[in-house]
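What follows is a short report on a single structure.
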Amino acid sequence: MGLFITLEGTEGSGKSSVMEKVYSRLIDEGYSLIKTREPGGTKIGEEIRNIILDNSNTMMDIKTEALLYAASRRQHLIEKIIPSLKEGKLVFSDRYLDSSLAYQGYARGIGIDEVLKINLFALENQYPDLTLLFDLDPSIGLSRINKDPNHEKNRLDLEKLNFHQKVREGYLILAKQFPDRIKIVDATKPFDEVVENVYSIIKSRLK
């Protein structure tokens, strides 16, 4: 089996950009890996993503949102993640289960345990081997997004700062619950330093 690595964090934490750099570096070193994302990662998953993140869907019920994430995750898991792991590949996923637990479970107020129960039906006990949590003050992350002309704002970006602060709180709660799996990355550091830190953590798991 391969290694399943997920990257988590609040909006604008830089995880996607860091993933691109580390991915390219490991490819150059000869590793067999794929990078993917949630919600999305598959044709069906991307269609669900469009519904979830559409700015016009402001009336979406919070439990509907949680269920849509779980549905996209299920398709992603059986179509891409599990087959790739069985081929012995490294799988990098930009978001996975912990996003639902932090965003819908904690920040939306559904409850972390309640959202976990929803996802257990979809997961078949497929947890990440390693989760990198990019920790950053949400005000900094949102400022980064607002300064980026290429960033297309989605429905979650439009939430108030208090929501994003609760997301961060949720992530830090999860990091305390799963310290062996979730490793906190200081996303306030310079970009190249964050890349080196993430690369080192991953390489230590590949030995």
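The values are calculated or read from the model by the stated rules, or taken from the named source; none is laboratory data. Note that the structure is a prediction, hence the values are computed from the model and not measured. Positions of Cβ are generated from backbone atoms using ideal geometry, with glycine treated the same way; all protein chains shown enter the neighbour counts.
When segment 110-139 is filtered for residues that are assigned to a loop (DSSP other than H, G, I, E, B) and within 21 Å of ALA71 (Cβ to Cβ), the ones remaining, listed by number, are ILE110, GLY111, GLU124, ASN125, GLN126, TYR127, PRO128.
If you filter segment 15-37 down to residues that are in contact with a strand residue (DSSP E or B) (Cβ under 6 Å, 6 or more places away or on another chain) and either of a type in the set (S, T, N, Q) or crowded, with 21+ Cβ neighbours inside 10 Å (or both), you find that the one that is nearest to SER72 (Cα to Cα) is THR36.
Scanning segment 82-91 for residues that are of a type outside the set (S, T, N, Q), in contact (Cβ under 8 Å) with a residue 60 or more places away in the chain and in a helix (DSSP H, G or I) turns up at least one hit. Residues of segment 161-207 that are charged (D, E, K, R) and under 12 Å from PHE134 (Cβ atoms): ARG168, LYS183, ASP186, LYS189. Scanning segment 60-114 for residues that are touching a Leu at 6+ places or on another chain (Cβ under 6 Å) and among the charged types (D, E, K, R) gives LYS89, ASP94, ASP98.
Can you find, within segment 159-207, the residue that is surrounded by the fewest Cβ atoms within 10 Å (Cβ to Cβ) among those that are within 13 Å of LEU7 (Cβ to Cβ) and of a type in the set (Ser, Thr, Tyr)? Among those that are within 13 Å of LEU7 (Cβ to Cβ) and of a type in the set (Ser, Thr, Tyr), it is TYR199. Taken over segment 1-41, the criterion of being farther than 25 Å from LEU158 by Cα and hydroxyl-bearing (Ser, Thr, Tyr) is satisfied by TYR23, SER24, TYR31, SER32. Among helices (runs of 4 or more DSSP H) entirely within segment 1-76, having at least 2 residues that are hydroxyl-bearing (Ser, Thr, Tyr) singles out 15-28, 62-76. Of all residues in segment 140-179, those satisfying the criterion of being modelled with pLDDT of 95 or more and outside any helix (DSSP H, G or I) are PHE178, PRO179. For the criterion of being within 25 Å of LYS80 (Cβ to Cβ) and not in a helix (DSSP H, G or I), LYS189 fails. Considering (1) surrounded by 14 or more Cβ atoms within 10 Å (Cβ to Cβ); (2) under 30 Å from LYS203 (Cα atoms); (3) out of contact with any strand residue (DSSP E or B) (no Cβ under 9 Å at 6 or more places or on another chain), the lone condition that ILE112 does not fulfil carries the number (2).
Sub-6 Å Cβ pairs linking a first residue in segment 96-110 that is touching a residue at least 24 places away in the same chain (Cβ under 8 Å) and within 14 Å of ILE173 (Cβ to Cβ) to a second residue that is basic (Lys, Arg) and surrounded by fewer than 24 Cβ atoms within 10 Å (Cβ to Cβ), at least 6 apart or interchain, are ALA107/LYS166, ordered by first then second residue.
Within segment 53-66, residues that are of a type in the set (Asp, Glu) reach partners that are surrounded by 12 or more Cβ atoms within 10 Å (Cβ to Cβ) and in a helix (DSSP H, G or I) with beta carbons closer than 7 Å, at six or more positions or on different chains, in the pairs GLU65/ILE52; GLU65/GLN104.
Tallying residues that are among the basic types (Lys, Arg), within 19 Å of HIS164 (Cα to Cα) and out of contact with any Gly (no Cβ under 8 Å at 6 or more places or on another chain) within segment 9-64 yields 1.
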